[in-house]
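Notes to accompany the following structure.
The values are calculated or read from the model by the stated rules, or taken from the named source; none is laboratory data. Note that this is a predicted model, so its numbers are computed, not measured. Cβ atoms come from the backbone with ideal geometry, glycine included; neighbour counts cover every protein chain shown. What goes into the accessible areas is simple: the full protein's heavy atoms, side chains included, and nothing from ligands, DNA or RNA. Shrake-Rupley method; radii C 1.70, N 1.55, O 1.52, S 1.80 Å.
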Amino acid sequence: MAEISKEYEISYAHRLLNHKGKCFHLHGHNARICLTIMGPITKDSASDHDGMVMDFGYLDPIERWIKTILDHRTILETGDPLIKAITSVGDKESLVVIDMPPTAELLATFIHAKVMQWLQEEVNIEIDTKGFKAKVTFWETSKACAMVEQSADFFQVPVNMEGEFEIVSSE
């Protein structure tokens, strides 16, 4: 078993609508996201992946998706009054609305769900049956992060890779 990792950086704003602390207020972060793929090293000289878990280039679509959906966006929970305020000034493309609080843990889960979907559908990697696993580490600040290795219980619907404005549902 081996691991490969690739890091991405995004800037985003969010707030936690029902939080009693300072995160109730709209604020921003420069986040670092580390995607780790764990799996066996391929031993097949006829394969493009001989001697590796997977080619780092296979992670490029995930980077594009992260940058398109989350970078320089305001991430809010369904029902937040700021959604109407932001869309009323014509800034709909900067907004991502999810049906749960945009915490570091749930943003990591959101990304993990997309990675798992992508690995199975686009790369044709059978997760868990051949020893492949994925982990997302979401560094909200330089000193605080959330790590997720399981997302199936949170997201039951596909996460769309297209579009500027997206409502993501866990139902």
> What does the charge count near Lys67 come to, summing +1 for each Lys or Arg and -1 for each Asp or Glu among other residues with Cβ under 11 Å from its Cβ?
Replying inline: -2
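Determine the per residue accessible area of region 1-55 with all protein chains present and a 1.4 angstrom probe, expressed in square angstrom. Please list the in-between numbers first.
Values: 3220 Å² over 55 residues.
In whole numbers, region 1-55 has 59 Å² accessible per residue.
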>> Please list, ordered by chain and number, the residues whose modelled amide H lies under 5 Å from the amide H of Val96; skip anything fewer than 5 residues away on the same chain.
In response: Thr74, Ile75, Leu76
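Going from most exposed to least, what order do Ser88, Ser45 have by accessible area with a 1.4 Å probe?
Values: Ser88 90, Ser45 115 Å².
Result, largest first: Ser45, Ser88.
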> Check Val53: other-chain or 5+ apart residues with amide H under 5 Å from its amide H, H built from backbone geometry?
Replying inline: Thr42
> Given a 1.4 Å probe and every protein chain left where it sits, what share in percent of the accessible area of region 1-62 is carbon and sulfur?
Replying inline: 51 percent
> Setting aside same-chain residues fewer than 8 positions from Lys133, which lysines have a Cα under 16 Å from its Cα?
Replying inline: Lys6, Lys114
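Percent relative contact order of region 1-45, based on C-alpha pairs within less than 8 angstrom and at least six residues apart?
Relative contact order, region 1-45: 51 percent.
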